[in-house]
Amino acid sequence: MPGLAQRDLGVGVLQVVVDADRAGGGVVTLMFDDLSAAAVAVGGRGIELEVAVGEVVSAVTRVLDPDGNAITLVEA
C-alpha cells in the first residue's frame, strides 16, 4: 500500500501510514494478540479505550493524542 511502513515487533506489528489530513501527517496502527489486555494496561496509565468488534480485525480502538494524531490499536 503506498505510504505504508510496517514493522514486525515480535509481540505485535507497528504500521505508520501517511495521511496528510491528520495533524502530523500520519496515522499509527499497533496490532496486539490480546487487545483487551492492552486496553487494561493503558487504562492503568489514565487513557480510557473503548474496544469495539472490528469488521476486518477481531477488535479495534482509536485514541487521539493532544495534537490530534490518531493512534489505532487492533487485535489481529
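If I ask for residues that are of a type in the set (D, E, K, R) and farther than 22 Å from LEU9 by Cα, which ones from the stretch 46-64 would you list? Before the answer, list the steps.
To start, the set of residues in the stretch 46-64 that are of a type in the set (D, E, K, R) comprises 48, 50, 55, 62.
Hits for the stretch 46-64 are GLU48, GLU50, GLU55.
Looking at the stretch 51-75, which of the residues that are among the charged types (D, E, K, R) and modelled with pLDDT of 80 or more is nearest to VAL17 (Cα to Cα)? The extreme case among them is ARG62.
The values are calculated or read from the model by the stated rules, or taken from the named source; none is laboratory data. Everything numeric in this text was worked out from a predicted model, so none of it was measured.
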